[in-house]
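Rule-based calculations on the coordinates, nothing more; no lab input. Since the model is a prediction, treat every value here as computed from it, not as a measurement. No Cβ is skipped: glycine too gets one built from the backbone with ideal geometry, and neighbour counts run over all protein chains shown.
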Amino acid sequence: MLIPDAVTTAIHALSDALSTHTDSKDIDAALSSLAKIWLTTPTTSDRKIAITALDELYHSFKVFLPHRDSRKVCIFGSARTPSDDPDYQLAKAVSTELSRSGFFVITGAGDGIMAAGNEGPGPDRSFGLNIDLPFEQEPNPFIKHSSKLVHYNYFFLRKLFFIKESDATILCPGGFGTHDEGFELLTLIQTGRCAPRPLVLMHEKNSCYWDSWLTFVKEELLERQLISPDDMGLFVITSDPHVATKHICHFYSGYHSIFYREAHAFVRLNRELSSHHLQTLTETCGDAVTTDGIFNYYDQACVDSDPFPNKPVLRFLFNKKYGSLNKLIHTINNLN
């Protein structure tokens, strides 16, 4: 769609006025997209969606921006779980241990497992992403008055920030919403739409909640070849808060993060690997992720635009088998 010259001129003027805060090209692009929406003569409902979505993006960025350097873990589970339920106590225990290990916790801000996830670390170490529902879900008392509480009208934006701002996910027993979050995350990891991350399924020790789920996944998905064997390595099941916390900590012990450019994957590391370690990686994981070898990479053109320029980086020609990345990450973390 062509934007009228007068509108384009106004956009450039506003971009110049705001360019002290960010790149004027980004502002141009954002304002141009907004102008195109309005030039399509949107309905009242369309305008409401656009305005509300932008407002929710603003509030989300504002809340999370000061804490971007801190690792965070999402905890999902039923809003109907009472506080004397063993699964509530389990969620509270693991969220407490995660906080003590340096993580922030993110929940949906409701009752049940969400309340447990906020109660464990308290408001200083947790976030709440509350959804405004027709029956008005109230934030739980452990996050209700926190500055790290965000309200959403739209599930799609709330779900975006659950993934975007977290580094790991824990699923406790829950209903449709819990399984929705879990399967969506598995899909995003499997298709490379989000970075690899730890996914821990937790239930109290006398429960078989996730064991029953695992039976379904094996018999109906894996055996029918609807998923690949590597996908079974995208999650772990435990009843122990210490095991869950240790698993998440270990995931980021050697591995830091990943990004992609063209046909290559670039894995940032917390420590440089020796040539012997690189050979081990090639022998152990080469066929799983690449046929081009794995090696240290220090291209300054790449590092200049990297938010973590001091991290050593592995580069390899990626075969797009995203489920296999977890094997690579665990191998890197186990190298001493």
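Each helix, a run of at least 4 DSSP H residues, gives -39500 (n - 2.57); summed and divided by the residues of the chain, these come to -13500 deg cm²/dmol at 222 nm.
Full extension of the chain between residue 288 and residue 100 gives 64.1 nm of extra length, using 0.36 nm per residue less the Cα-Cα distance. Note on the chain: GNM, Cα springs under 10 Å; of 279, 89, 190, the largest mean-square fluctuation is that of 279. Among the chymotrypsin sites (Phe, Trp or Tyr not before Pro) in region 107-208, those located in a DSSP loop and surrounded by at most 14 other Cβ atoms within 10 Å of their own Cβ are 135, 154. Segment residue 133..residue 296, full-extension length gain: 53.7 nm, with 0.36 nm per residue of separation and the alpha-carbon distance subtracted. Assuming a ≥ b ≥ c are the square roots of the Cα gyration tensor eigenvalues, decide whether region 124-172 counts as rounded (a/c under 1.5), prolate (otherwise, with a/b larger than b/c) or oblate. Since a/c reaches 1.5 but b/c is at least a/b, the shape of region 124-172 is classed as oblate. Calculated FRET efficiency, residue 38 to residue 67, Cβ-Cβ distance, R0 = 25 Å: about 0.15 to the nearest 0.05.
Using Cα springs under 10 Å in a Gaussian network model of the chain, which residue among 83, 212, 101 shows the largest mean-square fluctuation? In this elastic network of the chain, the residue with the biggest mean-square fluctuation among 83, 212, 101 is 212. Across region 92-216, the mean sequence separation of Cα contacts (distance under 8 Å, 6 or more residues apart), normalised by length, yields a relative contact order of 17 percent. Shown is the FRET efficiency for residue 216 and residue 9, computed with R0 = 51 Å from the Cβ-Cβ distance and rounded to the nearest 0.05: 0.30. The distance separating the Cα centre of region 224-288 from that of region 76-134 comes to 27 Å.
In this structure, the pairs whose alpha-carbon distance is over 29 Å, taken from 148/205; 25/48; 25/148; 148/218, are 148/205; 25/148; 148/218. For the chain, a Gaussian network of Cα nodes joined below 10 Å ranks 110, 120, 192 by mean-square fluctuation, and the top entry is 192. Listed by chain and number, the lysines whose alpha-carbon sits under 25 Å from that of residue 144, ignoring those within fewer than 8 places in the same chain, are 62, 72, 92, 159, 164. Annotation: amide H of residue 258 within the under-5 Å range of 268, sequence separation 5 or more or interchain, hydrogens built in the peptide plane. Potential lengthening of the chain between residue 336 and residue 320 amounts to 3.0 nm, from the contour at 0.36 nm per residue minus the alpha-carbon distance. Legend: calculated FRET efficiency, residue 23 to residue 153, from the Cβ-Cβ distance at R0 = 30 Å, rounded to 0.05, equals 0.55. For chymotrypsin sites (Phe, Trp or Tyr not before Pro), the sites in region 248-336 that DSSP calls loop and that have at most 10 other Cβ atoms within 10 Å are 298.
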